[in-house]
Amino acid sequence: MYNRFFIAVIVVVIAVSVLVLSAVENSAKAVLTVDELVHNPQQRIGIRVGARVTDEKISYRTNPSFLLEFFVRDIAQGGKSLPVRYEGIMPDTLKAGRDVILEGDYDGTMLTAKQLLTQCPSKYEVPLPVEQKLAGEPKQAGDKTGNSKMQRIGALTQGSSDGTKSLP
Amino acid sequence: MIVIGSFTLATAWLVSLFGLIAGSWAAKRKNSRLMASARNSVIIVGLLLSLTFISLGAQFLSHNYRFAYVWKTSNNHMEPLYLVSAIWGGMDGSMLLWALMMSLFGAVLMLRRDGIPRDILSWIVPVLSGATNFFISVVLFLTNPFRLIPSQIIPQDGNGLNPLLQNPSMLIHPPMLYAGFTGLLIPFAFCLAALLSGNLSDAWLHLTRRWTLIAWAFLTVGIILGGHWAYIELGWGGFWAWDPVENASFLPWLTATAFLHSVMVQKRRGTLKVWNIVLCTLSYTLTVFGTFLTRSGVVQSVHAFAETDVGWVFLVCIGLIVALTSSLIWLRWNELKPENTIESFFSREAVFLFNNLILVGICFTTLWGVLFPILSEAVMGQKSVVGPPFFNQVNTPLFMALIFFMGIGPTIAWKRSSRAAMVRNFARPFLFGSLVTILCLFIDASRILPAVMFGLVSFVLGTLAGEIHRAARVRREFTQEGVIESVGNLFLKKPTRYGGHLVHFGVLVMAVSITASTVYKIEKDFTLRVQEKISVGKFVLLLDTLEEQRFENYVALQAGVRVLDAGGEKVVGYLKPERRFYARGEETTTEVAIRTTPTEDLYLALAGLDSQDTADSETKGTELSKMSVSFKVFVNPLQMWLWVGGLIVLAGTLMVLGPRAKVLSTAQELADERAKTGKALRAAV
């Protein structure tokens, strides 16, 4: 007498696994740093990069179509810069020093971004008003700005509402 | 400076600790005096936390910037309502709100404890106290909102709440969500109390039904409100981004929905007992997991609070819950044996099981997507992410299957459905659904999934209509009622059953809206100068005016856009999207303009001036009429019905919760019902 409960479970488990594995294959994006891209100039499709806009020239045109070109480098200091090309509206928060998340393809020299998200300049946590710092001031939970995590992961806390996120 | 709030917070911590220790002792030793004392402590904790919350609110309303949290999340410009919402605008206050709501649910349960068997009640108290004490500990020791700023000089003004959060939705969306999350503690408390006491009759199940429904209702409303807020506020034209924090609120909703359904199977057939315990535990655990995700920085999200150390504490809590529940299930295994088995796949219990498995499946896939960055880095050494395409690809077929089963479940018989009954109930709706699919494919052969979805929705509508038709016809055989009157009486006399049908109908409406607004969405980026126009779908947009206005803490770029019909002649609307620049923090927000009709939403977002020098505002005044400005426009078909569908779901839930609903409250009543024939039983559920 076979147990219908377990059969139902197994059927659904198999169906879900198949769905998940095929979808991951199709849509997973590797998260890379600018340094990794620049030092290994090979073609990559479907990647995500978290980086900082450099002070090199940002060029933007709206006629005959939108085209934005700028440069980014890793958030950690002193890295090489990478040219980025984005065919869409330039977010008005995009300027040198801002952090962005890019998703797109890399052809060995340039990153063609299909999605561009900019970070709002004010983070959720800001330094508290202090007129003088005491030595050995204990750190309080909730005061981190998350910078070290950003460098490691290369992704960002985003608060921009400029609508440059494009739909799947 | 010490205010009442810090004192009541610390006291609440002590009292809830008492409730946990004394309550456990009293339950074990069956000491009724100590038990009463512990029970009252739950109520007292609710009072104390309310005082704490009010005290914190007073600091906000009086702009008391001595407190770091008040300084961080408010400023002098904010109106009183937003000051109130700022209480939960940051980490500290939101954790306090969580603890407060949890304690209030507990207090209300203590005040309305009639009908709860003594042994279960005695264990509920320490569970409630323990859970509340944990969250109070987090607030008191890790994220204390009454911490003072380091400076000796009191600032004149605060830092201010992120302008994105200064929105009426901030007043309701977080509290609704938190009410949903914390409300799920109650069913879990019942479940754990049943395991601890050994009283594993079905008593715990139907005692919790009302509470589960209430928590589920809050959670549903909270999630839909969040989607609505994202839609009207953020400017990217959508309402759900599969963002990790959105997903975190969705996971417990899925298991709670599954639990609401599988409870009925245990009531009717005495099976799926361990499954129900697992689902109930999972639902509460996933809310704690969600708060972990939001606050640990482990995944990056637009919603997340900044990375803190707080997150990992929640993992410990989850570990404890899982360990405790698993060992108790092991201990009580013999009392959890099923009374029946699932005899046929063509039965309601089998369909409910499929419904459950699919919901849990969606929960799993969503969790997989959220954790994928961590998993991929751990397993493959390369961190990868998945986005909306992954979630949509995996979950769409699962949702479609869910809709299909939604059509079968309410109608198919318990235990085993005969072939004749299946044909009678499902043949015509199936035909109807197939015809709709074929028609859709005929109109647009390239869109297969939407065609199938619309066909499924039609199938379910057909079964629903059939149900109501058959039931009304039976009524009219015995009464002199007209058609409409009999249908109305069905809803009035059996609100539990027909409220459920209404909820399902609301889901169908939402499904149609989501399909239409996602698949047939038109999106366009464009630039215009004043008096220029562009055509989008069946509209023509003409930029009428472009102005700049200064306000107290921001400068607004305002566009006046005339909406014309396709011919460009008749004016059908006027939209005024805005872009706001806040000097403090250099932030910008977009104020979207939406023209809503039953057929579609025309959604217009102002992206900004095309020049790069957005900071310099003096020279712009005279030149705005010559400048070009960029827009994002969306045409979202049937968008409005998503919110309407949500309201229908809420209405149906309220019907089920309403006073006329007959909810079985004792195990004896249930046993009596089970002994009777099928018809009476169906009425009860």
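The stretch B:93-163 and the stretch A:1-73 have Cα centres spaced 39 Å apart.
For chain B, carbon and sulfur atoms together expose 65% of the accessible surface, with a 1.4 angstrom probe and every protein chain in place. Please state the shape class of the stretch B:275-395: rounded when a/c is under 1.5, otherwise prolate if a/b exceeds b/c and oblate if not, all from the C-alpha gyration tensor. It comes out oblate by the Cα gyration axes. At a probe radius of 1.4 angstrom, the accessible area of the stretch A:1-109 per residue rounds to 49 square angstrom. Taken about its Cα centre, the stretch B:387-530 carries a charge dipole of roughly 480 debye when the Cβ of each Lys and Arg holds +1 and the Cβ of each Asp and Glu holds -1. Take the accessible area of A alone and of B alone, subtract that of the pair with a 1.4 Å probe, and the total buried over both chains is about 6300 Å². The dipole here belongs to chain B: it is taken about the Cα centre, uses +1 on the Cβ of Lys and Arg and -1 on the Cβ of Asp and Glu, and is about 3360 debye. Sites counted here are GluC sites (Glu not before Pro) in a DSSP loop (not H, G, I, E or B) having no more than 16 other Cβ atoms within 10 Å; the longest part of chain B that contains none of them is B:1-338.
Isolated cysteines of chain B, defined as having no other cysteine beta carbon under 4.7 Å away, are B:C317, B:C363, B:C440. Near B:R428: Cβ cut-off under 13 Å, other residues only, Lys/Arg at +1 and Asp/Glu at -1. The net charge is +1. Once a ≥ b ≥ c are taken as the square roots of the eigenvalues of the Cα gyration tensor of chain B, is the result rounded (a/c under 1.5), prolate (a/b larger than b/c) or oblate (a/b not larger than b/c)? Verdict is oblate for chain B. Using a/c under 1.5 as the rounded threshold, could you call the stretch B:323-472 rounded, prolate or oblate? The axes a ≥ b ≥ c are square roots of the C-alpha gyration tensor eigenvalues, and prolate needs a/b larger than b/c, oblate otherwise. Note, shape of the stretch B:323-472 comes out oblate.
The values are calculated or read from the model by the stated rules, or taken from the named source; none is laboratory data. The structure presented is a predicted model; accordingly, all values stated were derived computationally and were not measured. Every residue, glycine among them, receives a Cβ derived from its backbone with ideal geometry; neighbour counts consider all protein chains shown. Areas reflect the complete protein model, heavy atoms only, side chains present, ligands, DNA and RNA absent. Shrake-Rupley method; radii C 1.70, N 1.55, O 1.52, S 1.80 Å.
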